[in-house]
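For reference, the structure is listed below as structure tokens.
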Amino acid sequence: LIYDSFAQYLVTEKGYDEDLLTLAPDNLDFCCKGLVLDIEEGNFLKLAEDGTVLRASHGTRSMTSEEILEMYGRKEWKHFNTVSGMVSRTAKYYLYDNYFDLPGALLCARVVDSLDQHDGQKKYDFWKDMVAAIQHNYKISAFKEDCGMYFPEVKKHPDKYLQRCPESVKKWLKQLKNAGKILLLITSSHSDYCRLLCEHVLGNDFEEYFDILITNALKPGFFSHTPNQRPFRTLENDEEQEALLSLDKPGWYSQGNAIQLYDLLKKMTGKLDPKVVYFGDSMHSDIFPAHHYSNWETVFILEELLGDEGTMAAKAESEPLEKKGKYEGDQLKVPYFVSKQWGSFFVDRLPGLENAEETLVHTWSCKCISTYSTIAIPSLEAIADLPLDYRFTRFSSNSSATAGYYPSPPRALLPNEDSVMMK
């Protein structure tokens with residue numbers, strides 16, 4: 001749906017080739033989290049932890065080792081410094097780091113293919129049109145106005161697009177609240193879309209699960225901006241009202257910043273430095289900023305851990321049938337498959353080396369996980385049945401790059417003999 005809603009806009013409003021509207025099933029193999037689009041060159045890159053290029057494609061076409069070495073060498077990519085500082089606003093590159101964004105990567109790659117075919121371009125300037133497509137489909141008024149293709153379709157067929165929250169997770173949220181924890185929901189979605197999602201996913205009583213709801217939070221800016229730059233606002237009928245000078249009580253708010261939120265948490269807990277644990281699935285918008293600016297504990301929800309045969313096979317065998325639910329059948333293929341074109345999210349070989357066995361290196365995405373997350377889990381379900389006082393091993397606990405993965409590290413990160421043994 002996300003792919004179609006952007007492609008439709010590019011074709012009808014910006015005159016792009018109609019071929020963009022048709023997707024072959026194997027096109028989706030291109031989608032892989034952690035890719036960076038080098039906008040001017042029309043290239044997608046998979047980076048090593050030291051910033052060198054491990055794999056690349058021009059449009060959707062994989063580049064050979066020779067092409068990669070010729071274009072990028074065996075040195076740090078020129079924008080690595082800003083990318084690894086999680087600086088996002090630049091017209092030079094775009095980082096695809098969550099599933100909501102990923103269809104855009106496939107569309108951009110196919111746009112490059114199409115432009116090459118027709119114009120033989122050397123430098124590309126389609127990005128402004130992509131931004132316009134995103135704006136058109138997701139602007140704050142789009143849900144209310146039934147604008148674009150995305151919101152009207154989700155409103156009509158929520159069941160087609162949304163999975164209901166497992167009972168175990170709902171129970172866990174209630175347990176946390178009963179144990180005196182303050183629960184927050186922070187999303188960059190506007191309140192009207194958030195309500196649709198939450199009613200469908202959690203139920204009509206979803207507001208009872210949370211003490212504080214913050215919509216249109218505009219992450220990662222929520223964490224880095226000061227109260228003056230981004231005050232909280234109240235909502236009436238999903239319209240944002242005047243700016244608040246401070247947050248005085250729990251409730252539903254729009255926009256805002258982590259500094260004033262933390263002040264409210266101090267009031268509510270009566271503690272000088274209440275501990276916050278923040279769960280998120282985007283390194284760039286959730287995990288990095290919450291860790292870096294707010295010094296919160298972070299739990300990275302990393303679906304790539306589900307696609308790991310080690311954990312999956314063991315889980316499938318040990319569970320009764322009725323529990324297998326979401327691991328069954330075709331669903332496992334998306335989005336937990338490993339892309340054939342891009343390989344493992346966690347490790348890869350350096351291009352162009354003969355003795356490649358010896359030279360497995362960690363990807364930059366993998367390095368970010370152990371640097372900025374406290375722990376990483378495949379889903380909330382994976383921890384919902386644990387006692388609330390369960391002690392997780394943190395990534396930092398013995399400075400091992402795998403310590404913080406729960407329930408187990410991805411196979412790709414284990415020494416070879418372990419990965420055979422692992423059940």
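The values are calculated or read from the model by the stated rules, or taken from the named source; none is laboratory data. Every value quoted in this text rests on a predicted model; they were computed, and no experiment measured them. Note: ideal-geometry Cβ built from the backbone for every residue, glycine included; neighbour counts use all protein chains shown. In case anyone asks, the SASA skips ligands and DNA or RNA and just uses the protein heavy atoms, side chains included. Shrake-Rupley method; radii C 1.70, N 1.55, O 1.52, S 1.80 Å.
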Discussion item. Using a probe radius of 1.4 Å on heavy atoms only, what accessible surface per residue do you get for the chain? Whole Å² is fine.
Written reply: 50
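Just for region 162-274, what percent of DSSP beta bridges are antiparallel, to the closest 5?
Values: 5 of 12 bridges.
If I count the DSSP bridges inside region 162-274, around 40 percent turn out antiparallel.
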Worksheet item: (1) 60, 55, 43; (2) 85, 80, 38; (3) 67, 58, 42: which one is Cα extents along the principal axes in Å as calculated from this entry?
Response: (1)
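Taking all protein chains together and a probe of 1.4 Å, list 71, 63, 130, 149 from the most accessible to the least accessible. Before the final figure, lay out the partial values.
Values: 71 85, 63 25, 130 5, 149 65 Å².
Sorted descending by solvent-accessible area, the residues read 71, 149, 63, 130.
Report, for the chain, the % of DSSP beta bridges that are antiparallel, rounded to 5. Could the numbers behind the result be given before it?
On the way: 23 of 38 bridges.
Here the antiparallel bridges make up roughly 60 percent for the chain.
Largest first, how would 271, 92 line up by accessible area (1.4 Å probe)? Provide the component values of the computation, followed by the final result.
Values: 271 125, 92 85 Å².
Descending accessible area places them as 271, 92.
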Worksheet item: Name the GluC sites (Glu not before Pro) in region 55-130 that are in a loop by DSSP and that have at most 16 other C-beta atoms within 10 Å, would you?
Response: 76
Worksheet item: Ordering 374, 363, 269 from largest to smallest accessible area (1.4 angstrom probe), what's the sequence?
Response: 269, 374, 363
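I'd like the carbon and sulfur percentage of the solvent accessible area for the chain, probe radius 1.4 Å, heavy atoms only, ligands and nucleic acids excluded.
Details: 10820 of 21270 Å².
It is 51 percent, rounded to a whole number.
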Practice prompt. Note the full-extension length gain between residue 40 and residue 123 as 0.36 nm times their separation in residues minus their Cα-Cα distance, in nm to one decimal.
Written response: 29.4 nm
Worksheet, complete the sentence: Quick shape check on region 55-207: root eigenvalues a ≥ b ≥ c of the Cα gyration tensor, a/c under 1.5 is rounded, otherwise prolate if a/b tops b/c, else oblate, and it reads prolate
Worksheet item: Rounded if a/c is under 1.5, else prolate if a/b is larger than b/c, else oblate: which is region 162-274, with a ≥ b ≥ c the root eigenvalues of its Cα gyration tensor?
Response: oblate
